[in-house]
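The values are calculated or read from the model by the stated rules, or taken from the named source; none is laboratory data. Since we're looking at a predicted model, the values are computed, not measured. Every residue, glycine as well, gets a Cβ built from its backbone with ideal geometry; the counts of neighbours run over all protein chains shown. We work out accessible area using only protein heavy atoms, side chains counted, and drop any ligands, DNA or RNA first. Shrake-Rupley method; radii C 1.70, N 1.55, O 1.52, S 1.80 Å.
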Amino acid sequence: MDTTNTEERPPSCGDLVGTLAQPDRRSAYAALVLGATSLAEVAELAKLRPPAAAAALQKLVDGRIAVLDRASNTYRLVEDAFQKAIQAEVRVTGRSGGDGAGAYFRRGRLKAIPGDSAVRARVLLVVADSFQPGEVYSEAKVNALCGEWFDDWVSLRRALVDEGLLRRDQTCTTYERV
């Protein structure tokens, strides 16, 4: 089944709100909730013209709330999108209203590495969760994973090592989550 990648990071709560802020998108989302799977069904159920329904569905797919199965040309909701967004938000901001770390993430990516040590530690812990404890990673793999989070993957890799979240071997060619 050829679908949009659902393995990438979930949208943030802010991303979800932004995606659903427009009435046509909410109507298309409601149509999917009610069982519509095709563009025609969504347009009919949501009372949208087909071009408007197509645009709304594309925004839902781009916002990682829905996926398109290209083989059957059908849509379905990402059932746990909201739950994963909330879990990620809690992990980033903390249960007690946040500590400022959430401001450093946008659309599942890091905008900057914080200077404040407490916020930096929380942000880097979120990134470190990309690495499985006990698994050995090549430098290329570490660079690729860090690059998924942040454009300056070298600084991010160094910060993870400096923070004690990743350990480099003596030859500096492999890394392991601490």
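Things to note:
- Dimensions in Å of the chain - Rg and Dmax from alpha carbons: 19.4, 63
- When the chain is described by a simple charge dipole with +1 on each Lys and Arg Cβ and -1 on each Asp and Glu Cβ, the residue from ALA144, SER72, THR19 located farthest towards its positive end is THR19.
- For the chain, the longest principal axis of the C-alpha atoms and the axis of helix 23-33 are separated by about 90°.
- Tilt relative to the chain, helix 81-93 - C-alpha long axis, 0 to 90 degrees, to 10: 30 degrees
- Normalised contact order of the chain, rounded percent, pairs of Cα under 8 Å and 6 or more residues apart: 18 percent
- Debye, to nearest 20: dipole size of the chain, +1 on Lys, Arg Cβ, -1 on Asp, Glu Cβ: 400 debye
- Of ALA81, ALA43, ALA118, the one that fluctuates the most in a GNM where the chain has Cα springs shorter than 10 Å: ALA118
- Region 130-178, relative contact order in percent, only Cα pairs under 8 angstrom and at least six apart counted: 48 percent
- Backbone amide hydrogens, once placed in the peptide plane, bring ARG76 within less than 5 Å of VAL67, ASP69, excluding anything fewer than 5 places away on its chain.
- Share of carbon and sulfur in the accessible heavy-atom surface of the chain [1.4 Å probe, %]: 51 percent
- Gyration tensor verdict on region 6-49 (Cα atoms; rounded if a/c is under 1.5, prolate if a/b is larger than b/c, oblate otherwise): oblate
- Rounded tilt (10° steps) of 153-162 against the dominant C-alpha axis of the chain: 50 degrees
- Note that the chain presents 56 Å² accessible area per residue, ligands and nucleic acids not counted, probe 1.4 Å.
- Each residue of region 49-54 was assigned a 3J(HN,Hα) from its phi angle through the Karplus curve 6.51 cos²θ - 1.76 cosθ + 1.60 (θ = phi - 60°); the sequence is 5, x, x, 5, 5, 5 Hz, with glycine and proline shown as x.
- Selected from GLN132, GLN170, ALA40, residue furthest toward positive end of dipole (the chain; charges at beta carbon): ALA40
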